[in-house]
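Data block below; observations after.
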C-alpha cells in the first residue's frame, strides 16, 4: 500500500485546504479518519468519491478501538498553503494531531484526511482527499500523528 491522493480530490486538495484555512465556508473542516485495511486495496480506494463509498469497500474499515474518534481540524489547526515559486510547488500542512489514548484492538494501517464543507460529518458528504500509510498497533497510549505536509503538488 502507498500514500496517495483520491481521484475525486486531484487538483482540488490545495483549494479545499485553503477553504478550511480561510474559514470559508465557516463550518468547513478537515476530518482525520483511521482505517484498518487488509490487502492491497489502493486501486479501489482511489476511486471512492465519498467517505461512505470508501468505507463500503470490501476489506476497508474504520477502526473501532476504544478511545478512538475522528478528529476534526478547523482553521486553527491547519497552516495556510505554502506556495514555493522557486521550486514550483504548493504544500498543505496540518499541525500535530493527537488522536488520544487508544486501546488495543484494530491495527491501524492508514490515515485519511477528508474535507467536510458543512461540518455535518455525514460520510456521504465527506470528500476523501489524501490517504497516508500509518501502521500502528494501539496499546492504550496516546497516538500522535506528525502529519506536517500531508499534500504537495508540483510539476
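The values are calculated or read from the model by the stated rules, or taken from the named source; none is laboratory data. All values derive from a computational prediction rather than experimental measurement. Cβ placement follows ideal geometry from the backbone for every residue including glycine, while neighbour counts extend to all protein chains displayed.
Give the residue, chosen from 47, 84, 106, 133, that is over 13 Å from the mean Cα position of the chain (by Cα) and either under 18 Å from residue 152 (Cβ atoms) or at pLDDT below 95 (or both).
Just one listed residue meets the conditions, 84.
On the given criteria, is residue 87 on the phi > 0 side of the Ramachandran plot and in contact with a strand residue (DSSP E or B) (Cβ under 9 Å, 6 or more places away or on another chain)?
no
Looking at (1) without any contact (Cβ under 8 Å) to a residue 60 or more places away in the chain; (2) surrounded by 15 or more Cβ atoms within 10 Å (Cβ to Cβ), which one does residue 16 not meet, given that it meets all the others?
The failed condition is (1).
For the stretch 102-126, how many residues are in contact with a helix residue (DSSP H, G or I) (Cβ under 6 Å, 6 or more places away or on another chain) and either surrounded by fewer than 16 Cβ atoms within 10 Å (Cβ to Cβ) or not in a loop (DSSP other than H, G, I, E, B) (or both)?
The total comes to 4.
Determine the pairs where a residue that is on the phi > 0 side of the Ramachandran plot and at pLDDT 95 or above, located within the stretch 55-81, has a partner that is surrounded by fewer than 17 Cβ atoms within 10 Å (Cβ to Cβ) and outside any strand (DSSP E or B) with Cβ atoms under 7 Å apart, the partner being 6 or more residues away or on another chain.
59/38; 59/39; 67/103
For the stretch 79-95, which positions are surrounded by fewer than 16 Cβ atoms within 10 Å (Cβ to Cβ) and out of contact with any helix residue (DSSP H, G or I) (no Cβ under 6 Å at 6 or more places or on another chain)? It would help to see each step written out before you state the result.
Of all residues in the stretch 79-95, those surrounded by fewer than 16 Cβ atoms within 10 Å (Cβ to Cβ) come to 79-80, 82-89, 95.
Hits for the stretch 79-95 are 79, 82, 83, 84, 85, 86, 87, 88, 89.
Going through 99, 45 one at a time, which residue ends up being in contact with a helix residue (DSSP H, G or I) (Cβ under 9 Å, 6 or more places away or on another chain) and surrounded by 13 or more Cβ atoms within 10 Å (Cβ to Cβ)?
Sole residue among the options that is in contact with a helix residue (DSSP H, G or I) (Cβ under 9 Å, 6 or more places away or on another chain) and surrounded by 13 or more Cβ atoms within 10 Å (Cβ to Cβ): 45.
List the number of the failed condition for residue 139; all other conditions in (1) in a strand (DSSP E or B); (2) free of Cβ contacts under 8 Å to residues at least 60 places away in the same chain hold.
Of (1) in a strand (DSSP E or B); (2) free of Cβ contacts under 8 Å to residues at least 60 places away in the same chain, only one is false for residue 139: (1).
So is residue 36 modelled with pLDDT of 95 or more, touching a strand residue (DSSP E or B) at 6+ places or on another chain (Cβ under 9 Å) and farther than 16 Å from residue 111 by Cα or not? Explain how you work it out, then say what you get.
On the way: modelled with pLDDT of 95 or more: yes; touching a strand residue (DSSP E or B) at 6+ places or on another chain (Cβ under 9 Å): yes; farther than 16 Å from residue 111 by Cα: no.
No, not satisfied.
Quick check on this structure: which one of 30, 16, 35 is within 13 Å of the chain's Cα centre (by Cα) and part of a helix (DSSP H, G or I)?
That would be 16, the only listed residue that is within 13 Å of the chain's Cα centre (by Cα) and part of a helix (DSSP H, G or I).
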